[in-house]
1. Among (1) open to solvent by less than 20 Å² (accessible area, probe 1.4 Å); (2) out of contact with any strand residue (DSSP E or B) (no Cβ under 7 Å at 6 or more places or on another chain); (3) free of Cβ contacts under 8 Å to residues at least 40 places away in the same chain, which single condition is Glu62 missing?
2. For the stretch 128-137, check the following and say yes or no: at least one residue is of a type in the set (D, E, K, R), open to solvent by 30 Å² or more (accessible area, probe 1.4 Å) and modelled with pLDDT under 90.
3. Please work out which one of (1) open to solvent by 10 Å² or more (accessible area, probe 1.4 Å); (2) in contact (Cβ under 8 Å) with a residue 24 or more places away in the chain is the condition Ser50 fails and give its number.
4. Restricting attention to the stretch 26-42, does a residue exist that is in contact (Cβ under 8 Å) with a residue 12 or more places away in the chain and within 23 Å of Arg171 (Cα to Cα)?
5. Which one of these is in contact with a Cys (Cβ under 6 Å, 6 or more places away or on another chain), of a type in the set (A, V, I, L, M), within 11 Å of Ala6 (Cα to Cα) and open to solvent by less than 20 Å² (accessible area, probe 1.4 Å): Val101, Val36, Val79?
6. Could you grab me the full set of residues in the stretch 82-91 that are at negative phi and open to solvent by 20 Å² or more (accessible area, probe 1.4 Å)?
7. Within the stretch 140-183, which residues are part of a helix (DSSP H, G or I) and among the β-branched types (Val, Ile, Thr)?
8. Six or more apart or on different chains, Cβ under 8 Å: which pairs go from a residue in the stretch 133-160 that's touching a residue at least 24 places away in the same chain (Cβ under 8 Å) to one that's in a helix (DSSP H, G or I) and among the polar types (S, T, N, Q)? Could you list them?
Amino acid sequence: MNLRVAAIIPAYNEETRITRVLEAVTSSSAISEIWVVDDGSGDRTYQEASAVPGVKALRLRENLGKGAAMMAGALQTNVDALLFLDADLSGLTPNHIADLVEPVVSGRADMTVGVFRGGRFLTDLAQKLAPHISGQRCMLRSSFLEASHVSELRYGVEMALYRHAQVQQLRIESVTLLGVTHPMKEEKIGYIRGTIARIHMYVEVIGGSLAPTIEARRQTITRLLRETFGTR
């Protein structure tokens, strides 16, 4: 098989981290196109991405969430397969990218999921406990577009894609990303805001299987925040 692959990198306020990810992606011979989707950032993420040769950058006017940014990137291209990467990775190399892409391009798998190992203890542990919520994955573009509901999700998009793959009986292959990691939310935006964001993430991931609508998930998140932090 000779499939073309586009790297889609949703990014929100990652001006200090996006360049190192793009260095690895632009050095990879496995990638035909590179799209950075700036999800309404308040910093220079868009400008930093646009300045990298070979990178196409798209800016959303407001923060719509990770799922919407991923879908926006997918709609900009007509390649065969999509490689989704987080914008805050460290330790990523062209070899990791090749490992993620090869099973799909060769036809051995319909989806790959990258799992951190040997980067740092906390991110390794998180992915051991919940490997399917990794933001690093490759899949056929047609399969991703079939999961159109992911555009409504913020933190639950990875689990939604995994459930979609299960329902469609797609072949999923885990790929070890040795030495790759990323900062924790608490490190990026502070302990309190980071903790609240983490609760949002876990509630949406869990709520994806329990709440039948986006509104129900929103209500669940609001209730949990009120109970935990007394917020209104």
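The values are calculated or read from the model by the stated rules, or taken from the named source; none is laboratory data. Computed from a prediction, not measured in an experiment: that's the story for all the values here. Methodologically, a virtual Cβ is constructed for each residue, glycine included, from the backbone with ideal geometry; neighbour enumeration extends over all protein chains shown. Heads up: the accessible areas ignore ligands, DNA and RNA and are worked out on the full protein's heavy atoms, side chains in. Shrake-Rupley method; radii C 1.70, N 1.55, O 1.52, S 1.80 Å.
1. (1)
2. Just the residues of the stretch 128-137 that are of a type in the set (D, E, K, R), to begin with: 128, 137.
So of that shortlist, the ones also open to solvent by 30 Å² or more (accessible area, probe 1.4 Å) come out as 128.
Now restrict to residues that are modelled with pLDDT under 90: 128.
Checked against the condition, which is being of a type in the set (D, E, K, R), open to solvent by 30 Å² or more (accessible area, probe 1.4 Å) and modelled with pLDDT under 90, the stretch 128-137 yields at least one hit.
3. It is condition (2) that Ser50 fails.
4. Let us first name the residues in the stretch 26-42 that are in contact (Cβ under 8 Å) with a residue 12 or more places away in the chain, namely 26-42.
In the following step, the residues that additionally are within 23 Å of Arg171 (Cα to Cα) were identified as 30-31.
Yes, the stretch 26-42 has at least one match.
5. On the way: Val36 fails: in contact with a Cys (Cβ under 6 Å, 6 or more places away or on another chain); Val79 fails: in contact with a Cys (Cβ under 6 Å, 6 or more places away or on another chain).
Matching residue, one of Val101, Val36, Val79: Val101.
6. The initial filter retains those residues of the stretch 82-91 that are at negative phi, namely 82-90.
If the condition is that a residue be at negative phi and open to solvent by 20 Å² or more (accessible area, probe 1.4 Å), then Asp86, Ser90 are the ones that fit.
7. First, pick out the residues of the stretch 140-183 that are part of a helix (DSSP H, G or I): 141-146, 148-152, 157-167.
The answer is Val150, Val157, Val167.
8. Listed by first residue and then by second, the contacts come to Ile133/Gln127; Ser134/Gln127; Met159/Ser209.
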